[in-house]
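In what follows, a structure is listed as structure tokens, so that the remarks can point back to it.
The values are calculated or read from the model by the stated rules, or taken from the named source; none is laboratory data. Small disclaimer: the values here were computed from a predicted structure and weren't measured. Here the Cβ positions follow ideal geometry from the backbone for every residue, glycine too, while neighbour counts run over all protein chains shown. Surface accessibility is based on the protein's heavy atoms, side chains included, excluding ligands, DNA and RNA. Shrake-Rupley method; radii C 1.70, N 1.55, O 1.52, S 1.80 Å.
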Amino acid sequence: MDKLVIRGGNPLLGTVRISGAKNAALPAMAAALLTEEPVILENIPHVRDIETTRKLLSAMGAEVELGYGRAKNRTTICCKNLSSPEASYELVKTMRASTLVLGPLVARCGRARVSLPGGCAIGARPIDLHIKGLERLGAKIDQQHGYVEASAERLKGAEIVFDKITVTGTEDLLMAAALADGETVMQNCAREPEVADLADLLNKMGAKIEGAGTATIRIKGVPKLKGAKHRIIPDRIEAATFILAGALTDGDLNISGCEPKHLGALLQKLEEVGVKTKSTRDSVRVEGSSALKAADVNTEEYPGFPTDVQAQYMALATQAEGTSIITENIFENRFMHALEMVRMGANIKIEGRRAVVRGKSQLGGAAVLASDLRASASLVLAALVAEGETIIDRVYHIDRGYENIEEKLRGVGAQIRRIGEILPKKR
Ligand code: UD1
């Protein structure tokens, strides 16, 4: 298993280019299931979750063509012949977003069989809201042997009010409703930019969707969708991670190819902390400070402070003077990184959904374990300011969602390298 070795202490200086958003690319790839014609997606990041989705679609009979050379971030998906509308446990267990194929498969094939995801490191993460929504659209649902089986001759438009805001739930039902008979009105929808990006793609494919990016989405179902070409939006979580890296290393970083208007909650928080940022249409320049001030954070649905940036913000909070209270409102068990940061010398107490971080602490390099995708990014940030060497184990988590993280960090002055497991010699 690969490990990352990081020697802390260097301020990050220079320019980092942001990749396409993994969380927008995953539903976009699933949307290709809705049509017989090819869907061309640009700005697809090379990360493991995308590779998993490629395998998932290929196993159903889809042709997935990856670009190379200058077109390496382009993927063409053609779902003309779907042999088996099924997502196996083997794939769903490594990536919960695999459940995004449920809605499109029932809508296009009239049936779907998708493994239930089960628990994960950051909490229970059920998919009951996806299922309830599909039932509202007229699907018959059967749950057996760890699988959800959904069937419907043709889905029918309906009113759906989400009990709780869910990002992939909104996306899953948006795709299902696009091919349903009649109008669907969904309320209490997720307003994340990734939902709006998916709606943009679906509308290019001939769907009739209004209001994506707001709490109420109206979808006029159409009988058929066609192929389209679409460029995925920049990854706001990757951008946030690098902005925080620049801020906490007292660096001077230009984060290019991003969408500053998707980063409002973070940029406002950084102002409170004493970090200067300057945005243009598609870049953010961040100047760190050696005198960071503590500030509290509450994770919320978009446009609030993202749960996917909570762990990385905690790394910054260890370097701020005073007490920062970080409250996690979206997932019940998303503080695993805190325990690892404590092993590096941070002063963090967990009280239920709150983490109380007292700073400023001088962190020291240690051997630490990454527990999930964003937790591993936060340990990289902590390691960048720690004295000495940090070795991060289980970095396969980071490879799920960050494209070329070592190259990007090395390019702006970080001392980081990857080491593979040294296997004992065979006799
Ligand atoms: C998406 C993101 C993930 C991010 C999360 C919250 C993708 C691929 N992943 O995950 O990076 O951390 O949004 O911003 O886009 N819930 C239910 N029932 C359901 C569905 C969700 O109770 O059927 C609960 C979850 O347990 C959680 C909350 O709703 O407490 C929000 O989850 P949700 O928005 O669905 O997260 P994901 O879409 O899985």
For this session: Rounding to the nearest 20 debye, state how big the charge dipole of the chain is about its Cα centre with +1 on each Lys and Arg Cβ and -1 on each Asp and Glu Cβ.
Result: 700 debye
Exercise. Taking every DSSP beta bridge that has both residues in the chain, what percent is antiparallel when rounded to the nearest 5?
Worked result: 70 percent
For this session: Hand me the tally of lysine pairs in the range 22-221: alpha carbons under 17 angstrom apart, and the pair either on different chains or 8 or more positions apart.
Result: 12
Exercise. Just how much of residue 185 is accessible, in Å², when a 1.4 Å probe is used and the result is rounded to the nearest 10?
Worked result: 10 Å²
For this session: Enumerate the calculated ³J(HN,Hα) couplings along the range 194-211 in order (Karplus 6.51 cos²θ - 1.76 cosθ + 1.60, θ = phi - 60°), each rounded to whole Hz, writing x wherever the residue is Gly or Pro.
Result: 5, 5, 5, 5, 5, 4, 4, 4, 4, 5, 5, 7, x, 6, 10, 10, 10, x
Exercise. Which stretch or stretches of the range 369-389 have amide N atoms under 18 Å from the point lying 7 Å from residue 350's Cα along the Cα→Cβ direction?
Worked result: 369-380, 382
Seminar exercise, completed: If amide H atoms are modeled at 1.01 Å from N in the peptide plane, then the residues at a separation of 5 or more from residue 347, or on another chain, having amide H under 5 Å from its own are 358
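Determine the relative contact order of the range 22-221: mean sequence separation of Cα pairs under 8 Å and six or more apart, normalised by residue count, in whole percent.
Working: 424 pairs, mean separation 34.5, N = 200.
Value for the range 22-221: 17 percent.
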Problem set entry | Nitroxide proxy distance, nm - points 7 Å out along Cα→Cβ at residue 229 and residue 282 | 1.6 nm
Problem set entry | Derived scalar couplings ³J(HN,Hα) [the range 145-155; Karplus, 6.51 cos²θ - 1.76 cosθ + 1.60; whole Hz; x for Gly, Pro] | 6, x, 10, 9, 10, 10, 9, 6, 4, 8, 5
For this session: For residue 349, list the aspartates and glutamates whose Cα falls under 17 Å from its own Cα; do not include residues on the same chain fewer than 8 positions away.
Result: 296, 321, 328, 332, 340
For this session: Express in Å², to the nearest 10, the accessible area of residue 94 obtained by rolling a 1.4 Å probe over the protein heavy atoms while all chains stay in place.
Result: 70 Å²
For this session: Would you calculate a helix-derived [θ] at 222 nm for the chain, using -39,500 (n - 2.57) for each DSSP H run of n ≥ 4 and dividing by the full residue count, to the nearest 500?
Result: -8500 deg cm²/dmol
Problem set entry | Mean separation of Cα contacts under 8 Å, 6 or more apart, over the residue count of the chain: relative contact order % | 21 percent
For this session: Return the carbon/sulfur percentage of the accessible area of the chain, one whole number, probe 1.4 Å, all protein chains in place.
Result: 47 percent
Exercise. Taking springs between alpha-carbon atoms closer than 10 angstrom, which of 376, 84, 115 fluctuates most in the Gaussian network model of the chain?
Worked result: 84
Problem set entry | Accessible solvent surface per residue of the chain, calculated while the other protein chains remain in place, 1.4 angstrom probe, Å² | 42 Å²
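Assign one of three labels to the chain, namely rounded, prolate or oblate, based on the Cα gyration tensor with a ≥ b ≥ c the square roots of its eigenvalues; rounded applies when a/c is under 1.5, prolate when it is not and a/b is larger than b/c, and oblate otherwise. Could the numbers behind the result be given before it?
Details: a/c = 1.81, a/b = 1.67, b/c = 1.08.
In terms of gyration-tensor shape, prolate.
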Exercise. What figure in square angstrom, to the nearest 10, would you give for the accessible area of residue 165 with a 1.4 Å probe?
Worked result: 50 Å²
Exercise. Going 7 Å from the Cα of residue 90 toward and past its Cβ, which residues in the range 35-70 have a backbone nitrogen under 19 Å from where you end up?
Worked result: 48-64
For this session: Go through the range 322-336 residue by residue and turn each phi into a ³J(HN,Hα) via Karplus (6.51, -1.76, 1.60, θ = phi - 60°); whole Hz please, and just put x for glycine and proline.
Result: x, 9, 10, 9, 10, 10, 9, 9, 9, 10, 7, 9, 10, 10, 4
Exercise. In terms of solvent-accessible area of protein heavy atoms at a 1.4 angstrom probe, what is the ranking of 357, 161, highest value first?
Worked result: 161, 357
